[in-house]
1. Tell me, what is the 1.4 Å probe accessible area of Val107, in Å² to the nearest 10?
2. Compute the length gained on full extension between Ser27 and Arg52: take 0.36 nm times their separation in residues and subtract their Cα-Cα distance, giving the result in nm to one decimal.
3. What does the charge count near Met34 come to, summing +1 for each Lys or Arg and -1 for each Asp or Glu among other residues with Cβ under 13 Å from its Cβ?
4. Considering only protein heavy atoms, what is the solvent-accessible area of Met1 at a probe of 1.4 Å, reported in Å² to the nearest 10?
5. With all protein chains present and a 1.4 Å probe, how do Met21, Met57 order by accessible area, largest first?
6. To the nearest 10 square angstrom, what accessible area does Leu66 show with a 1.4 Å probe?
7. Roll a 1.4 Å probe over the protein chains and send me the accessible area per residue for region 1-66 in Å².
Amino acid sequence: MLINRCASALAVISAVLHLRMGGGGASGMLVTAMAVVCVVCAADLWRSTNNRAWVVMAASSAVMLLAHASSPSGHHQPVVTDAVSGASAASILAAVELTLAAVVVFVRTRGIPPELLHHRLQEPR
């Protein structure tokens, strides 16, 4: 499906942004691990047609948003650096991914109760 391909492209872009932000030490390893999660999610979205891939995308995007929101990097520096703008772009992208995944899962899983399908008020007069 086209929506799966678009979401997969978003996940790859997110992985690239995470690799660009990577630094040294433990935080660099965490950022690299998140990039690997993004690539695995992108591959899963590309191949899969079920809702599991979308739920994984929503969960990983929510975790990324929480991690970026709790990260103190850039809040006490008067000069905006490339890493701060990369974190902002990754946060925006994670929010878009989370919204897209929520909408897709909602649309795919909503069901109309059978008793409402053929109600007499829905018939033309």
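The values are calculated or read from the model by the stated rules, or taken from the named source; none is laboratory data. Because the structure is a prediction, the values reported are computed rather than measured. Neighbour counts run over all protein chains shown; Cβ positions are idealised from the backbone, glycine included. SASA here: full protein model, heavy atoms, side chains in, ligands and nucleic acids out. Shrake-Rupley method; radii C 1.70, N 1.55, O 1.52, S 1.80 Å.
1. 80 Å²
2. Length gained between Ser27 and Arg52: 6.2 nm.
3. 0
4. 130 Å²
5. Descending accessible area places them as Met21, Met57.
6. 120 Å²
7. For region 1-66, the per-residue accessible area is 55 Å².
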